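Written below as structure tokens is the structure these notes are about.
Computed from the coordinates by the stated procedures, all read-outs in this text should not be read as laboratory data. Model, not experiment: these values are computed from the prediction. Every residue, glycine among them, receives a Cβ derived from its backbone with ideal geometry; neighbour counts consider all protein chains shown.
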Amino acid sequence: MEKIFLEILPLALAATISPSGLLFVTMILSGKENPKRNAIMFLLGSITFLVVLGGFLLVTFKPAIEAASQPDKRSAYIDIAFGVLIIIFIGQGLIFGRKKKPEKKKQHKRPFLVMGFGFMIINTSTLIPFIAACKIISDGGLPAAEDIMLLAILIAITMMMISFPVIITILMPKKSDVVMAPVKSFMSKHGNVIAKGYFILIAFYLIFHGVRQLQG
């Protein structure tokens with residue numbers, strides 16, 4: 001289990017990098033009507049989607065890999081495909097492209113649980129490494145209980161960045177603005193550049209992981 005965890009850790013860290021998600025949650029917390037509750041509901045919606053997607057992928061990937069005559073090669077080709085896909089998406093601006101900031105007035109008219117679920121559906125920068133990590137968990141041939149444990153850890157790490165403002169606001173209600181103001185400013189200016197660089201590294205990591213499987 002430890003070996004699989006170390007393999008998915010870089011992908012989990014890539015999945016958590018979501019500048020748009022961080023800014024979105026920060027904006028929700030700046031609202032006047034139940035900001036903490038709205039932000040928590042948004043996070044619950046996002047987590048719900050990841051649980052549903054992760055469970056579906058484990059149920060789908062595992063039988064397919066076990067039934068394959070050459071599972072290592074099939075798995076390797078999928079890793080390489082994910083790596084190439086990340087590079088293509090970054091090049092086309094489909095990951096970390098410019099996004100319009102949602103209007104505050106419209107947000108309060110929508111259920112935040114559904115908004116969180118919907119946001120994660122279109123959050124490409126999170127979905128690609130998350131799906132790749134789920135595939136690696138399926139490849140591991142571990143018992144179902146350990147698969148579920150790894151999926152839970154993957155989701156927890158994936159949600160770290162967008163959960164950070166909510167956690168700080170709950171734990172440090174009086175000092176949260178002092179902590180979040182520089183974080184928000186830094187991520188607004190440099191978040192996309194840093195994320196793109198890290199995602200390029202992840203793309204090569206996946207390609208290397210696939211090639212190594214083919215050679216092994």
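Modelled spin labels at Val211 and Ile121, positioned 7 Å past Cα toward Cβ, are 3.8 nm from each other. With a simple spin-label model that places each label point 7 Å from the Cα along the Cα-to-Cβ direction, the separation between Leu171 and Lys36 comes to 1.5 nm.
As a calculated quantity, the FRET efficiency between Val51 and Lys3 at R0 = 22 Å, using C-beta atoms, amounts to about 0.35. State which entries of Lys135/Lys174; Lys135/Lys196; Lys36/Lys135; Lys73/Lys196; Lys135/Lys175; Lys36/Lys189 exceed 32 angstrom in Cα-Cα distance in the structure shown. Over 32 Å apart, Cα to Cα: Lys135/Lys174; Lys36/Lys135; Lys135/Lys175. Packing around the peptides 116-124, 38-46, 13-21, 143-151, taken as the average count of other Cβ atoms within 10 Å per residue, puts them in this order, highest first: 13-21, 38-46, 116-124, 143-151.
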